[in-house]
Amino acid sequence: MDDWKMQQGNLGPEADDAYDDMSMLDEARQPLSRKVPIASSKINPYRMVIVARLLILAFFLRYRILNPVHDAIGLWLTSVICEIWFAFSWILDQFPKWFPIDRETYLDRLSLRYEREGEPNMLAPVDIFVSTVDPMKEPPLVTANTVLSILAMNYPVDKISCYISDDGASMLTFESLSETAEFARKWVPFCKKFAIEPRAPEMYFTLKVDYLKDKVQPTFVKERRAMKREYEEFKVRINALVAKAQKVPPEGWIMQDGTPWPGNNTKDHPGMIQVFLGQSGGHDTEGNELPRLVYVSREKRPGFLHHKKAGAMNALVRVSGVLTNAPFMLNLDCDHYINNSKAAREAMCFLMDPQIGRKVCYVQFPQRFDGIDRHDRYANRNTVFFDINMKGLDGIQGPVYVGTGCVFRRQALYGYEPPKGPKRPKMVSCGCCPCFGRRKKDKKYPKNGGNENGPSLEGGSDSVFSLVFSPTYCFFNPLTLNFIYTCGAAVEDDKELLMSQMNFEKKFGQSAIFVTSTLMDQGGVPPSSSPAALLKEAIHVISCGYEDKTEWGSELGWIYGSITEDILTGFKMHCRGWRSIYCMPKLPAFKGSAPINLSDRLNQVLRWALGSVEIFFSRHCPAWYGLKGAKLRWLERFAYVNTTIYPFTSLPLLAYCTLPAICLLTDKFIMPPISTFASLFFIALFLSIFATGILELRWSGVSIEEWWRNEQFWVIGGISAHLFAVVQGLLKVLAGIDTNFTVTSKTTDDEEFGELYTFKWTTLLIPPTTVLIINLVGVVAGISDAINNGYQSWGPLFGKLFFSFWVIVHLYPFLKGLMGRQNRTPTIVVIWSVLLASIFSLLWVRIDPFVLKTKGPDTTQCGINC
């Protein structure tokens, strides 16, 4: 009726205002996000082809097993084993992509619900973690740009706290962060005044776009020029600090006040915390408050295990829990700046949604990269993984955690289980009146302070400790204790309280303030605590012995036991029943740098693959871990199993890449002559493979060039980095030989893509070089043999040549990487090529395929003179 009256113009201005308020209220009650299913016209044919490919593959393997090649039984058996493994790994990779989805967020509804005009801002606080180790490989200017983009993000300043973990205890990082804090006083108001995107100054000033677009303020050009000059002066100061740090003085570094730098010995130093912004003087040039900026370097002593990045992240969790205790945490690598200033709001559309947010442990954003060549020679963008695989997982139980660009729920990192739905209350008596209700049974407390699988967020009914330390009371509540005493058994309750307190200290460590903060699911710090006391407690929780005899790294926080701690951490949360969300805003939330050099790229892939092998041989192997609770969905388990066994595909892949060349050199076949009916299955198999790829590209939006680069590097990495990862993983498990990895360099070349053409020798280049030469020699030998034997030998040759060319084409980017910019092969590669070519030439001469094998007389019957 109101709508009709408005159309007729019968409602006055007061009614119009009331109607607008009602519409806004209704809009605020709407969901903050929604699933966008893939169109049935795209996804249904895709699923049909998958099922058809599975059936065709079953018939193909049956035919291969039942029809052996007796004159080349070794080659046949090897090929069949490889094909069975490929089919198994394809199933693990394919079926988790059965339910791909997209998502939409509604930032306007988020503002209407939590940022109402005239009321306090109700958006949840966020603690942001940035980790760095070596300022020589992770340049301070790169880290500074990341920090500046965080401080200038579009979020209430009193809700943001940025923590920088300096695990190398470098004075260069400390001083550059001090310079960054000073420059932020000018940069942050400039970004917010003119709505700058992106808010990392290096990327903003180097953008090749029209920076005047949508800018209407007359002073913009003048202020932009002034800010660019300020940033160039800031870069000069950072460069001066870097130049000064190149040579360490004999007496060690000295701070400006004349005292020695505590981190002169990077392996033996105390814990350090410095609050640059957020307490006193944390205002910009216009007098507005700035977000908190905290420098953290945890204590390190000889004889203690520090657990690399995972240990540093856990130290940040504890420090932030003491100082700010935001309910959500965003972690970024030092080279991943915030490209979309509203990224945190995008995550809050899921985490603060009253319908789905309670069971979401983290929101993962895709990784996007700057500085990659247009053709992406080595598949650095990982588009197939981020735009296809992760969308598929989002339709099951959520994407895996990939190490950066992820917003966590703090309670999920603390090992708590997701909250359950409301249950019907039961009448429980205190025991003094037997007429009503049933008697309350005593609760046994497990060792971990919660239920069998970990504590639950339900709190309040499971233990006396959860009542005393509930998020509602925060501290010991005498009213609650008095209530317990009046219900009887005061002495027993005191014992239960003491046991519960000991259990929580065993779980979280001996810090009363931090243990209290873990039970405040809405965040916040005790109002009665002084900043000095909190800083003292923060130093305590980053001491190197704090985690001893606790569950840090085993059940809560970042999980130890693998150099890919990100996979393990997300896996443990999913096993507890949490789900994760994949958020892909139109404007990428974060952007970082990637190693575009061939050797650096292979070393990066080696590190990831070795971490997967370590998980496979650990107690957290997804094949069997968490089967008892059954909270991890089966397709999600398939995906996690695939993330741990994919390096083992390197063994059959290496064998399969050399089989065509061996067949060409020895004139053998791995398949018997096939009938017309069997050939139809071969054709159908190839068609189903191509159809699956094409339909995947259709619903995901990935380009065919990106898909092809991914296929090429799958072969290159499979026969090099993955192979070395399997060998090193076995050596670590069987012989205890550990491998040390260096941090991937984030430095950039002065010339655009100059690093792409730089050749760096590494042993990872040997297997692909060997496979490439074997196939080239095999092709030459096969063609020469066919020319020598005549027309009838060309037919069988085509099948062998097809697979050899398949290997060579997949290794083509690797060959270009060896050639460099001038298309000149480096000397070391020439030496290896000549050596390997000589070996296989001798083998070829020994086989002697050009000489026809003719039967002669039997010398055993007629002797030497026959």
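Determine if segment 284-298 includes at least one residue that is farther than 22 Å from ILE150 by Cβ and assigned to a strand (DSSP E or B). Checked against the condition, which is being farther than 22 Å from ILE150 by Cβ and assigned to a strand (DSSP E or B), segment 284-298 yields no hits at all.
Taking segment 188-227 on its own, how many of its residues are among the β-branched types (Val, Ile, Thr) and within 16 Å of ALA152 (Cβ to Cβ)? Counting residues in segment 188-227 that are among the β-branched types (Val, Ile, Thr) and within 16 Å of ALA152 (Cβ to Cβ) gives 2.
For the condition of a type in the set (Lys, Arg) and surrounded by 18 or more Cβ atoms within 10 Å (Cβ to Cβ), ARG601 qualifies.
When the test is whether a residue is touching a helix residue (DSSP H, G or I) at 6+ places or on another chain (Cβ under 8 Å) and on the phi > 0 side of the Ramachandran plot, ASN288 does not pass it. Here PHE814 meets the list (1) modelled with pLDDT under 55; (2) open to solvent by less than 90 Å² (accessible area, probe 1.4 Å); (3) assigned by the TED database to the domain that holds GLY717 almost entirely, failing just condition (1). On the stretch given as segment 303-320, residues that are open to solvent by less than 10 Å² (accessible area, probe 1.4 Å) and under 16 Å from the mean Cα position of the chain (by Cα) total 2. Within segment 345-367, does at least one residue satisfy the condition of being at positive phi, of a type outside the set (A, V, I, L, M, F, W, C) and in the same structural domain as TYR560 (by the TED database)? Looking for residues that are at positive phi, of a type outside the set (A, V, I, L, M, F, W, C) and in the same structural domain as TYR560 (by the TED database), one finds none in segment 345-367, hence no. Within the set SER562, SER554, the sole residue that is without any contact (Cβ under 8 Å) to a residue 40 or more places away in the chain, open to solvent by 10 Å² or more (accessible area, probe 1.4 Å) and either over 17 Å from ASP370 (Cβ atoms) or assigned to a helix (DSSP H, G or I) (or both) turns out to be SER554. Would you call GLU202 in contact (Cβ under 8 Å) with a residue 24 or more places away in the chain and more than 26 Å from SER170 (Cβ to Cβ)? In short, no. For THR78, the conditions (1) over 26 Å from GLY398 (Cα atoms); (2) in contact with a Pro (Cβ under 6 Å, 6 or more places away or on another chain); (3) surrounded by 14 or more Cβ atoms within 10 Å (Cβ to Cβ) are fulfilled apart from (2). The set of residues in segment 624-677 being open to solvent by 60 Å² or more (accessible area, probe 1.4 Å), on the phi < 0 side of the Ramachandran plot and aliphatic (A, V, I, L, M) consists of LEU627, LEU651, ILE662, ILE674. Of the residues that make up segment 321-329, is at least one part of a loop (DSSP other than H, G, I, E, B), assigned by the TED database to the domain that holds ILE559, open to solvent by less than 10 Å² (accessible area, probe 1.4 Å) and under 20 Å from GLY405 (Cα atoms)? Checked segment 321-329: at least one residue is part of a loop (DSSP other than H, G, I, E, B), assigned by the TED database to the domain that holds ILE559, open to solvent by less than 10 Å² (accessible area, probe 1.4 Å) and under 20 Å from GLY405 (Cα atoms).
Okay, residues lined up against (1) part of a loop (DSSP other than H, G, I, E, B); (2) under 23 Å from ARG298 (Cα atoms); (3) open to solvent by 50 Å² or more (accessible area, probe 1.4 Å):
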site	(1), (2), (3)
VAL248	yes, yes, yes
GLY263	yes, yes, no
THR266	yes, yes, yes
ILE273	no, yes, no
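State all residues of segment 158-197 that are part of a helix (DSSP H, G or I) and among the polar types (S, T, N, Q); if no residue qualifies, say none. Selection gives THR173, SER176, SER178, THR180. Would you call ALA240 more than 19 Å from THR146 (Cα to Cα), open to solvent by 50 Å² or more (accessible area, probe 1.4 Å) and part of a helix (DSSP H, G or I)? So ALA240 passes the test. Determine if segment 491-514 includes at least one residue that is polar (S, T, N, Q), assigned to a helix (DSSP H, G or I) and at pLDDT 85 or above. No: segment 491-514 contains no residue that is polar (S, T, N, Q), assigned to a helix (DSSP H, G or I) and at pLDDT 85 or above. Using the structure shown, decide if GLY629 is outside the structural domain of SER131 (by the TED database), outside any helix (DSSP H, G or I), touching a residue at least 40 places away in the same chain (Cβ under 8 Å) and not polar (S, T, N, Q). Spelling it out, GLY629 is indeed outside the structural domain of SER131 (by the TED database), outside any helix (DSSP H, G or I), touching a residue at least 40 places away in the same chain (Cβ under 8 Å) and not polar (S, T, N, Q). Where residues in segment 225-237 are under 17 Å from THR285 (Cβ atoms) and free of Cβ contacts under 8 Å to residues at least 24 places away in the same chain, which of them is most open to solvent (accessible area, probe 1.4 Å)? Across segment 225-237, the extreme among qualifying residues is ARG225.
Between PRO139, PRO96, PRO135, the distinction of being within 21 Å of the chain's Cα centre (by Cα), surrounded by 17 or more Cβ atoms within 10 Å (Cβ to Cβ) and either at positive phi or at pLDDT below 95 (or both) belongs to PRO96 only. What pairs can you find where one residue is in segment 775-787 and farther than 11 Å from ILE662 by Cβ, the other is of a type in the set (Ser, Thr, Tyr), and their Cβ atoms are less than 7 Å apart, with a gap of 6+ or different chains? Going by the 7 Å Cβ cut-off, the qualifying pairs are VAL779/SER804; ASP785/SER793; ALA786/SER793.
Applying the condition of being of a type in the set (A, V, I, L, M) and more than 22 Å from the chain's Cα centre (by Cα) to segment 120-132 and asking which residue is farthest from LYS159 (Cα to Cα) yields MET122. In segment 340-354, what residues are outside any helix (DSSP H, G or I) and either within 15 Å of LYS35 (Cα to Cα) or open to solvent by less than 10 Å² (accessible area, probe 1.4 Å) (or both)? Result: SER341, ASP353. Within segment 239-255, residues that are touching a residue at least 12 places away in the same chain (Cβ under 8 Å) and closer than 17 Å to GLU138 by Cβ sit with their Cβ atoms under 6 Å from residues that are assigned to a helix (DSSP H, G or I) and among the hydroxyl-bearing types (Ser, Thr, Tyr), at 6+ positions apart or across chains, in these pairs: LEU241/SER176. All conditions in (1) without any contact (Cβ under 8 Å) to a residue 60 or more places away in the chain; (2) touching a Gly at 6+ places or on another chain (Cβ under 9 Å) hold for GLY74, with the sole exception of (2). Considering only residues in segment 714-744 that are among the hydroxyl-bearing types (Ser, Thr, Tyr) and open to solvent by less than 50 Å² (accessible area, probe 1.4 Å), the one that is modelled with the highest pLDDT turns out to be SER720.
The values are calculated or read from the model by the stated rules, or taken from the named source; none is laboratory data. Keep in mind that what you see is a predicted model, and the values were worked out from it rather than measured. When we count neighbours, we look across all protein chains shown, and the Cβ atoms used for this are built from the backbone with ideal geometry, even at glycine. Side chains are part of the model used for accessible areas, which takes the heavy atoms of the whole protein and leaves out ligands, DNA and RNA. Shrake-Rupley method; radii C 1.70, N 1.55, O 1.52, S 1.80 Å.
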